[in-house]
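Asks: Next up is a structure, given as structure tokens.
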Amino acid sequence: MPLIAAGDGWASWSGPTAPERVPRVAEPVSGGGAADSSQVYVVDDWQKLRDALAGVPGGSQNDARYNQVPRIVYVTGELDPWLRADGSRIPATRSPRR
């Protein structure tokens, strides 16, 4: 299966994580070419994107970071990471540290 070279796209990014500042080194990725039908997601909000990347509903950032299962994620619409499920917005004072 063809691989996307390290550093060629967001899935093969190298650099320190936030907020932990742990160095990560890019590896080649398959771009989802080996994903089976159970690993194809269509997302229209931030939480669904997080769940798709983690591979489980309610998954954490670490689940997403270390999940190596090939998957395809289709994004429909506009994702707003500051919008809560109830429609309220997360205050800017709670934004992630960089």
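The values are calculated or read from the model by the stated rules, or taken from the named source; none is laboratory data. Predicted model, so just to flag it, every value in this text is computed and none were measured. Reconstructed Cβ throughout: ideal geometry from the backbone, glycine too, with neighbour counts over all protein chains shown. Side chains included, ligands, DNA and RNA excluded: accessible areas come from the protein's heavy atoms. Shrake-Rupley method; radii C 1.70, N 1.55, O 1.52, S 1.80 Å.
Asks: Work out the length of the dipole vector of the range 17-98 about its Cα centre, built from +1 on the beta-carbon of each Lys and Arg and -1 on the beta-carbon of each Asp and Glu, and round it to the nearest 20 debye. Intermediate values should be presented prior to the final figure.
Replies: On the way: 11 positive and 10 negative charges, 94 e Å.
Approximately 460 debye in magnitude.
Asks: Let me ask another. Under a 1.4 Å probe, what is the accessible area of the range 11-55 per residue, stated in Å²? Show your work: numbers first, answer last.
Replies: On the way: 2710 Å² over 45 residues.
About 60 Å² of surface per residue is accessible.
Asks: What nm value, rounded to one decimal, do you get for the distance between D36 and I90 when each label is placed 7 Å out toward the C-beta?
Replies: In this crude label model, D36 to I90 measures out at 3.3 nm.
Asks: Okay, next question. Given the protein chains as shown and a 1.4 Å probe, how many square angstrom of E20 are accessible, to the nearest 10?
Replies: Surface open to solvent at E20 totals about 90 Å².
Asks: Quick one: ranking S88, S14 by accessible area, 1.4 Å probe, largest first, what do you get? Before the final figure, lay out each step's value.
Replies: Values: S88 40, S14 65 Å².
So, going from the largest accessible area down, we get S14, S88.
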